[in-house]
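Contents: one structure, followed by commentary.
We did not get these values from a lab; they are worked out from the coordinates using the rules stated. Predicted model only: the values in this text are computed from it and were never measured. As a convention, Cβ positions derive from the backbone with ideal geometry for all residues, glycine included, and neighbour counts pool all protein chains shown.
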Amino acid sequence: GAGVSQSPRYKVAKRGQDVALRCDPISGHVSLFWYQQALGQGPEFLTYFQNEAQLDKSGLPSDRFFAERPEGSVSTLKIQRTQQEDSAVYLCASSVITVYEQYFGPGTRLTVT
Amino acid sequence: SQQGEEDPQALSIQEGENATMNCSYKTSINNLQWYRQNSGRGLVHLILIRSNEREKHSGRLRVTLDTSKKSSSLLITASRAADTASYFCATDSTGANNLFFGTGTRLTVIP
């Protein structure tokens, strides 16, 4: 498809489990962003890649959160030892290069029980 | 914490009426954008206004920007039931690698 895709769309994890969320950006897009959106709130920045380089991870809430984009295309956001406060929608976005022209995927809704 | 705040938090109007929502932000910006998010879906870009612009139109959308007040408004004219969604403003600034989103306005258009 032409848009950003994310999988899975829904994930239920027991507290303490590790999860991996996948993002397939638009082909050729250099920049990739991850955001966390809590219920009823706007998205909040987690991390940013330019090609395979993670240039900004200032928004990651703890060292349990880890993101990678090893070949400069697909990205994975991993959350270790999930906690209830990690429950949110995780959005991925990509852009050709700029910050402001971001195309968003449908998100992965994570529920930690 | 998020960059901006929007008001109202929720807005309910009849089909055909106009809907106005406002966004305030905290720091100097390069651009301000508005996004729409339908329930359970990702964000869809609606319109971008640059910091040196004061007003912009796109179809039934009109956006204004007042950088002296650090605020923007989005007007949707002749609303339709399909406009029911949450609307977010987002800003970008020099030196920042991401968009900063507001808290959103939940719009309900009653048929």
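One table, with the values for the structure above:
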item: Rounded to whole Hz, the Karplus (6.51, -1.76, 1.60) HN-Hα couplings of region A:88-105, x for glycine and proline; result: 4, 9, 9, 9, 10, 9, 9, 8, 4, 7, 7, 6, 8, 9, 9, 10, 9, x
item: Relative contact order for chain A, counting Cα pairs under 8 Å that sit 6 or more residues apart, in percent; result: 37 percent
item: 18 Å Cα cut-off, lysine pairs counted over the protein assembly as shown (separation 8 or more, or different chains); result: 7
item: Trypsin sites (Lys or Arg not before Pro) restricted to DSSP loop in region B:65-108 with at most 13 other C-beta within 10 Å; result: B:LYS69, B:ARG80
item: Semi-axis lengths (Å, descending) of the ellipsoid that matches the C-alpha gyration tensor of chain B; result: 23, 15, 12
item: Dipole of the protein assembly as shown, positive direction: furthest Cα of B:PRO111, B:GLY42, B:SER73, with charges on the beta-carbon; result: B:PRO111
item: Neighbour-count order for B:HIS57, B:HIS45, fewest beta carbons within 10 angstrom listed first; result: B:HIS57, B:HIS45
item: Proximal charge balance of B:PHE101 [Cβ under 12 Å; K/R count +1, D/E count -1]; result: -4
item: Computed E for A:VAL96/B:ASN18 - FRET, C-beta separation, R0 41 angstrom, nearest 0.05; result: 0.75
item: Separation between Cα centres of region A:35-113 and region B:2-45, rounded to whole Å; result: 21 Å
item: Calculated Rg and Dmax of region A:23-113 using C-alpha coordinates, Å; result: 12.5, 37
item: Rg ratio (alpha-carbon, reference 2.2 N^0.38 Å) - region B:28-85; result: 1.19
item: Reduced Cα scattering model of region A:4-75, Debye log10 I(q)/I(0), q = 0.18, 0.23, 0.27 Å⁻¹; result: -0.78, -1.22, -1.43
item: Model label zone, A:SER62; criterion: amide N under 20 Å from point 7 Å along Cα-to-beta-carbon; scope region A:35-53; result: A:35-39, A:44-47
item: Of the trypsin sites (Lys or Arg not before Pro) in region A:1-41, those whose Cβ has at most 14 other Cβ within 10 Å and which sit in DSSP loop; result: A:ARG9, A:LYS14, A:ARG15
item: Translational diffusion of the protein assembly as shown, µm² s⁻¹ [Kirkwood Rh, Cα pairs; Stokes-Einstein; 10 °C; 1.306 mPa s]; result: 89 µm²/s
item: Interchain or long-range residues, amide H under 5 Å from A:GLN41's placed H; result: none
item: DSSP bridge orientation in chain B - percent antiparallel, rounded to nearest 5; result: 90 percent
item: Label zone at A:LYS14, where the point sits 7 Å out along the Cα-to-Cβ direction: region A:56-93 residues whose backbone N lies under 20 Å; result: A:79-88
